[in-house]
Every structure is written in structure tokens, then in C-alpha cells.
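Reading through the C-alpha cells given below for one structure.
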Amino acid sequence: MHLFNQTIDSFSGQVADLAIGLNLDIFETNIINLLLLGGGIFYLGSQALSESLTDRQEKILSTIQDSEERLKAAVQRLEESEKQLTQSQIAITSLKSEAEATAKQVKSAILADGKSEIERLSSMAKNQIATIEAKVRKQISDYVVTLALQRVTLQLEGKLGANLQQQIIDQNISKL
């Protein structure tokens, strides 16, 4: 604060002594040279500045036009992409429904094939059981016949003589 007060005191002292004043001598102050120099700079600089500003304005306008064209192209691509997305979603929905229908058809075909296969295997099993039963019956009847023949043979051997046995054997051989 002290420095500020000194500066103000010094300035007010110089004003009071008229040490600071206005010099109105045109040649001594070089006002004409300064005006000519300022005018030349203004005249020459204004053209260059005007050209520079015009070039800058053209660049900005072309950049804006390019940006607008890119925006239009981007909007058009976005619309096309949205159309493709919609078409893809429709195709996906269609494929999904077709896949479900195909799955149902395959499932019913598999069930039908399985049912027919079960019926075929069941029929084959019944046929095999019937065949085995027939074989077992035949074996049992053959066994019963064999046992009956052995019993009859034993009974006949005890009751028949050698001549009678020979006659029965001869008759059976002749029948063959």
C-alpha cells in the first residue's frame, strides 16, 4: 500500500509541475508517418485478411456440406439397417415356426415308428414264444411216446415170445 501511495504522490507532483503534457507538434511526434504506416497496413492487411476470411468461410461451408452429406448417408444406412433388421426378425420368426412344426412332425414320426417297431417286436416275440412252445410240446410228446413205447416194449417182452416179436418186427418193416 505504501508503494501505491508513493506512485500517486509522484504522479500528482508531476502533473502539478506540468512535467506531463500533450505535445501538439505534428512533425516532432511523427503523427503523419504513423498515420501513413497505419493506413498502409490497413489497406494491405484488409485484402489479405479478407481473402483469408473468405477462404476460411469456404472451407467451413464445404465442411458443413460434407458433414450434412455424411449425415444423410448415415441416416440412409440406418434406415436400411433397420429394414434389414425387421426382415431378419421376420425370417427368424418364420424359421422358428418352421423348426417347431418340423420338430412336431419328426416327433410324431418317431413315435409312430417306435409304436410300429414295438408292435413288430411284440409280434416276433409272440411268434418265437409260439415256436418254442410247439418245440417243447413236440419234445414232451416225443418223450411221452418214447416212455410209452419203452413201457409197452417191456410189457410185451415179458408176454410175447421170440416168434411173435419177430413177426411184429417183420410186419413193421414191410409197412415201411
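Toward the positive end of the charge dipole of the range 67-170, about the Cα centre and with charges on Cβ (Lys, Arg +1; Asp, Glu -1), which of TYR143, LEU71, ILE169 goes farthest? Checked the options; the winner is ILE169. Sorted into 10 angstrom bins from 0, the C-alpha pair distances of the range 59-176 split as 10, 12, 11, 10, 9, 8, 7, 7, 6, 5, 5, 4, 3, 2, 0 percent. The alpha-carbon of LYS72 sits under 17 angstrom from the alpha-carbons of these lysines, leaving out residues fewer than 8 places away in its chain: LYS83. In nm, give the distance between the simple-model label positions of LEU44 and ALA103, each being 7 Å from the Cα along the Cα-to-Cβ direction. Rounded to a tenth, the inter-label distance reads 8.6 nm.
Throughout, read-outs are computed from the coordinates displayed, never taken from laboratory work. Keep in mind it's a predicted model, so treat the numbers as computed, not measured. Cβ sites come from the backbone with ideal geometry, for glycine too, and all protein chains shown count toward neighbours.
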